[in-house]
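What follows is a single structure, written as structure tokens, with notes after it.
The values are calculated or read from the model by the stated rules, or taken from the named source; none is laboratory data. This is a predicted model, so every value here is computed, not measured. Cβ sites come from the backbone with ideal geometry, for glycine too, and all protein chains shown count toward neighbours. Quick note on the areas: whole protein, heavy atoms, side chains included, nothing else; ligands and nucleic acids left out. Shrake-Rupley method; radii C 1.70, N 1.55, O 1.52, S 1.80 Å.
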There are 2 protein chains.
Amino acid sequence: MDFDRRDILLSAAAALVAGSSGAARAATGRPFGYAIVGLGQYGLKTIIPQFANCAHSRLAAVVSGDPAKAARVAAEHGLPASAIYSYETFDTIRNNPDVDIVYVCLPNSMHAEYTIRAARAGKHVMCEKPMAISVAECEAMIAACKTAKRKLMIGYRCHFEATNLEAIRLASSGAIGKLRYVRSEHGFVMRDPSLWRLKRALSGGGSLMDIGIYALQASRYLTGEEPVAVYARESTDRSDPRFTEVEDMIDFTLEFPSGVMAGCYSMYSANQNRVLVMGDKGRVELEPATRYAGNRMWTGRDGREQEVTPPATPHKTQFAGQLDHLVQCVRTGNEPIVSGEEGLRDMRIIEAIYRSAREGRRIQLGAKA
Amino acid sequence: MDFDRRDILLSAAAALVAGSSGAARAATGRPFGYAIVGLGQYGLKTIIPQFANCAHSRLAAVVSGDPAKAARVAAEHGLPASAIYSYETFDTIRNNPDVDIVYVCLPNSMHAEYTIRAARAGKHVMCEKPMAISVAECEAMIAACKTAKRKLMIGYRCHFEATNLEAIRLASSGAIGKLRYVRSEHGFVMRDPSLWRLKRALSGGGSLMDIGIYALQASRYLTGEEPVAVYARESTDRSDPRFTEVEDMIDFTLEFPSGVMAGCYSMYSANQNRVLVMGDKGRVELEPATRYAGNRMWTGRDGREQEVTPPATPHKTQFAGQLDHLVQCVRTGNEPIVSGEEGLRDMRIIEAIYRSAREGRRIQLGAKA
């Protein structure tokens, strides 16, 4: 049962492959329209250009607090004036039949509000990670989408990324024997102290909410298990102007039911992006592991000597796979492989990590987690 | 003050360099004679051949419970019959002026007894790691050598190994910025369930006592700091015939006063031998990190692209450096850079690691540690 989710991931990948040439083709039709909420770096520079790589998704609207920027982006992408929303007019998106899905690319503290408003407006929702800033918010988001009978998916793009999919396949195939531990280090040097990610009211937390969540995710999808306990320690220089409100480095250890351990580091003070899965017969290592592009992987017994070229995915990029997956779920009625429940699982663990670091003790994760 | 020990290591390395061509040459003379106690794999196959690489050390006697093996080894190395001891006749080594130093290469549980008996026989002592199987034994060993006015050194060969010395230099030089964390994984697949290392009465513990101690050592010598707290979790399949008495995998996290964290894995179920030191400007990585030979290192910002060739040491091998260092300490009256006190520091932390794993909680390390 522990391997259910990993199997689902692999099945989903297989279904995507099949979908490109087989049964799922029946479920195609006009591309679905996405409204991008938030024209910050991620929405504007990362997501919007990806519609060019999609088979089933297109840009249909933008939502921004900056009318000039919204008008410029709309013009660049051939959207009519009626496809431009402010946060004040956002709820009228219910009247726009071109918009099927709302993609929430806002600061973390606004994820819950805009997911719930989108669901109430009758739209399916893609919400960027972290899903929200508390378990309570995640639960409210899931409930709102359920009430509105709309799909909710979290922007966990690595589930559509070739290197990570191949790592999951290798780890679950027995190729490296019985799994013993996972290590993952995710961090970058945060330079600008003024960024919203460093303001607790907007971010809900520091490096863990932003980049460390990739290490947590990787530990879970590579083992296919849910952790039963966590221990965490924080190391933050509070005299550093970047870290007056949120944590810099947090180190957490997850215990899995099979005996696998995961040791994860998250930080805003060093550049690291790597994942190691160690089995009793060998290892799989990814570095960089979870970047937008250029991820690489190796497998072997005592070194990185053998680089692995993962099989191509049916989608052009991980982003296109992510965007199109939600469309296909809406069409088929399936749950997204990274649903709101998946975001909630991470948030329960994140709350436990913060609590462990605060209280200096091991926290057992309940059956619900 | 935290960096004292690291500075001492570097000074010792510098002194060795100077010693090869300068002032310390005055302290030379006839090579000192070592008695090897224990003709197991390590004493026989690893240490004895290393005397050929030494400038100041030679094989002078062997101590074994196997008379035929002892006679064969003595013959191979041109030792007279009077240089062969059994465990019963060991104490008469006091009457052998050819023996200056006793090197204890026995199972861990016998380190204390033979170190104390050697000191009482008037010999200086090199004791293999781990120093013993308890803090109390370590303290008794130190006291015995102090009473006998004999030197006591622990066989921490990595302090004489070129790659590790260069890593210490890089980490302390500022080359990778402010240190943030150390990761070290040390393990190998233990195959033979009958080995003494898997019998608690002889080993005192499992992988941590044997191979994980390298990760602990590396965390300390690379940061130059002493940990203030530790948390550990064990993961052992007790139904595995190898692990009925001792642990397989143990994961421990060390907190250092500067805010540096160290995450270490020790195991008998996977082959790993690596060390990473991460600073806010880059990293130093070693793999393999602490092997007898063939260690390699890389430095860089986001990858291993730049391999580093460490400067040559004045000694031919790490083992020769270790063996000759104790001779030089005896000649000059200096304390070994890896004295009994250093072995005791590790043992205090090891006891805390085991206690943390047993009790499932963070253990603060006292001022004494």
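So the values come out like this:
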quantity: Residue in segment A:283-300 that is most open to solvent (accessible area, probe 1.4 Å), counting only those that are within 26 Å of B:Ser235 (Cβ to Cβ) and within 11 Å of chain B (Cβ to nearest Cβ); calculated: A:Trp298
quantity: Search result, residues across segment A:234-247 that are acidic (Asp, Glu) and away from chain B (no Cβ under 11 Å); calculated: A:Glu245, A:Glu247
quantity: Strands (runs of 3 or more DSSP E) within segment B:166-268 that include 3 or more residues assigned by TED's automatic domain parsing to the domain that holds B:Lys129; calculated: none
quantity: Filter result (open to solvent by 70 Å² or more (accessible area, probe 1.4 Å) and touching a Gly at 6+ places or on another chain (Cβ under 7 Å)) within segment B:306-329; calculated: B:Gln306
quantity: Tabulated pairs, segment A:88-115, first within 19 Å of A:Val330 (Cβ to Cβ) and modelled with pLDDT of 95 or more, second buried (at least 18 other Cβ atoms within 10 Å of the Cβ) and hydroxyl-bearing (Ser, Thr, Tyr), C-beta under 7 angstrom, 6+ apart or interchain; calculated: A:Ile93/A:Tyr85; A:Ile101/A:Tyr34; A:Tyr103/A:Tyr34; A:Val104/A:Tyr114; A:Val104/A:Thr115
quantity: Some residue of segment A:84-98 being in the same structural domain as A:Val330 (by TED's automatic domain parsing), farther than 26 Å from A:Phe160 by Cβ and in contact with a Pro (Cβ under 8 Å, 6 or more places away or on another chain); calculated: yes
quantity: Subset of segment B:34-64 [outside any strand (DSSP E or B) and open to solvent by 60 Å² or more (accessible area, probe 1.4 Å)]; calculated: B:Gln41, B:Lys45, B:Pro49, B:Ala52, B:Ala55
quantity: In segment B:266-282, residue farthest from the other protein chains (Cβ to nearest Cβ) [restricted to those that are of a type in the set (A, V, I, L, M) and touching a His at 6+ places or on another chain (Cβ under 9 Å)]; calculated: B:Val275
quantity: Considering residues of segment B:223-233 that are crowded, with 23+ Cβ neighbours inside 10 Å and within 12 Å of chain A (Cβ to nearest Cβ) only, the residue farthest from B:Arg197 (Cα to Cα); calculated: B:Pro227
quantity: Residue that is farthest from A:Ile350 (Cα to Cα), among those in segment A:248-265 that are crowded, with 24+ Cβ neighbours inside 10 Å and more than 7 Å from chain B (Cβ to nearest Cβ); calculated: A:Val260
quantity: Single residue of B:Glu128, B:Glu166, B:Glu161 found to be in contact (Cβ under 8 Å) with a residue 24 or more places away in the chain, under 30 Å from B:Glu285 (Cα atoms) and more than 17 Å from the chain's Cα centre (by Cα); calculated: B:Glu166
quantity: Residue that is farthest from the other protein chains (Cβ to nearest Cβ) [pool: residues in segment A:321-369 that are β-branched (Val, Ile, Thr) and under 22 Å from A:Pro227 (Cβ atoms)]; calculated: A:Ile337
quantity: Scan of segment B:120-136 for residues that are in contact with an Asp or Glu (Cβ under 9 Å, 6 or more places away or on another chain) and surrounded by fewer than 24 Cβ atoms within 10 Å (Cβ to Cβ), ordered by number; calculated: B:Arg120, B:Ala121, B:Lys129, B:Ser134, B:Val135
quantity: Options A:Thr92, A:Thr163, A:Thr147, A:Thr115: the member that is open to solvent by less than 20 Å² (accessible area, probe 1.4 Å), farther than 30 Å from B:Ala270 by Cα and away from chain B (no Cβ under 14 Å); calculated: A:Thr115
quantity: All positions within segment A:193-211 that are touching a Leu at 6+ places or on another chain (Cβ under 8 Å) and open to solvent by 20 Å² or more (accessible area, probe 1.4 Å); calculated: A:Trp196
quantity: Residues that are of a type outside the set (Ser, Thr, Tyr) and open to solvent by 10 Å² or more (accessible area, probe 1.4 Å), drawn from segment A:234-245; calculated: A:Glu234, A:Asp237, A:Arg238, A:Asp240, A:Pro241, A:Arg242, A:Glu245
quantity: Count of segment B:212-222 residues which are out of contact with any Leu (no Cβ under 6 Å at 6 or more places or on another chain) and within 14 Å of chain A (Cβ to nearest Cβ); calculated: 2
quantity: Filter result for A:Ala357 (of a type in the set (A, V, I, L, M) and open to solvent by 70 Å² or more (accessible area, probe 1.4 Å)); calculated: no
quantity: Which numbered condition B:Gly303 fails, given (1) at pLDDT below 95; (2) away from chain A (no Cβ under 13 Å); (3) open to solvent by less than 10 Å² (accessible area, probe 1.4 Å); calculated: (2)
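Residue-by-condition table, conditions (1) within 24 Å of A:Gly40 (Cα to Cα); (2) of a type outside the set (D, E, K, R); (3) under 20 Å from the mean Cα position of the chain (by Cα):
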residue: A:Val102; (1), (2), (3): yes, yes, yes
residue: A:Asn108; (1), (2), (3): yes, yes, yes
residue: A:Ile116; (1), (2), (3): yes, yes, yes
residue: A:Ile133; (1), (2), (3): yes, yes, yes
residue: A:Met153; (1), (2), (3): yes, yes, yes
residue: A:Tyr181; (1), (2), (3): no, yes, no
residue: A:Glu185; (1), (2), (3): no, no, yes
residue: A:Arg197; (1), (2), (3): yes, no, yes
